[in-house]
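See structure below.
Taken together, the values in this text are just the output of simple stated rules run on the coordinates, not laboratory data. Note that this is a predicted model, so its numbers are computed, not measured. Backbone-built Cβ (ideal geometry, glycine too); neighbour counts: all protein chains shown.
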Amino acid sequence: MSINERFFKTLEEKGIKASEIAKALNVNNSIISAWKTRGTNPPIEYTVQICKLLGISIEYYITGKDSNELSDEEQELLNFYRQLPEKEQLRELGRLEARAEMFKGKLSESKIG
């Protein structure tokens with residue numbers, strides 16, 4: 001998928017109108033339409049601003065991949081975590097750190113033995 005295709009697909013997925021992007025970039029709507037009809041990529045000078053407006057990383061915008069993407073399971077854990085009061089979030093972080101250390105130790109032992 002090209003940058004152009006990803007740009008317009010993301011607009012559609014997020015329900016953002018091309019006119020909103022045009023206004024935010026301070027360009028005429030016809031500029032955005034031209035990108036679509038000609039299949040040309042938005043000029044590089046708009047990249048950072050477009051990514052912020054679309055809520056995507058520059059890496060995703062350019063390559064279609066995002067090394068910071070969460071798996072479904074990680075996203076589910078994060079959603080549960082965010083539902084907790086702040087005090088409980090801190091407790092859970094402590095528990096997870098302790099468990100991670102415990103497993104790290106077990107992994108080290110199994111490599112030695």
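The charge dipole of the chain, taken about its Cα centre with unit charges on the Cβ of Lys, Arg, Asp and Glu (plus for the first two, minus for the last two), comes to roughly 260 debye.
Modelled label positions at Thr47 and Glu97, each set 7 Å beyond Cα in the direction of Cβ, lie 3.7 nm from each other.
Can you give the relative contact order of the chain as a percent, counting alpha carbon pairs under 8 Å and 6+ residues apart? For the chain, the relative contact order is 21 percent. A dipole drawn for the chain from +1 and -1 charges on Cβ atoms has a positive end, and of Asn68, Asn29, Ile58 the residue lying farthest that way is Asn29.
Taking the simple approach of a point 7 Å from Cα along Cα-to-Cβ for both Asp66 and Ser33, what is their distance in nm? Result for the modelled spin labels: 3.0 nm.
Across segment 3-63, the mean sequence separation of Cα contacts (distance under 8 Å, 6 or more residues apart), normalised by length, yields a relative contact order of 40 percent.
Dipole size in debye (nearest 20) for segment 3-63 around its Cα centre, Lys and Arg Cβ +1, Asp and Glu Cβ -1? Can you show the working numbers first?
Values: 8 positive and 6 negative charges, 29 e Å.
Its charge dipole is roughly 140 debye.
In the list [x] -0.34, -1.08, -1.13; [y] -0.38, -1.09, -1.15; [z] -0.44, -1.04, -1.10, the label attached to log10 I(q)/I(0) by the Debye sum over Cα atoms at q = 0.09, 0.20, 0.21 Å⁻¹ as derived from the coordinates here is [z].
Quick one: pull the percentage of alpha-carbon pairs in segment 3-63 with a separation above 18 Å. The partial results should precede the final answer.
Working: 384 of 1830 pairs.
Tail of P(r) above 18 Å: 21 percent of Cα pairs.
Count Lys and Arg as plus one, Asp and Glu as minus one, and take only other residues whose Cβ is under 12 Å from that of Asn79; the net charge is then -3.
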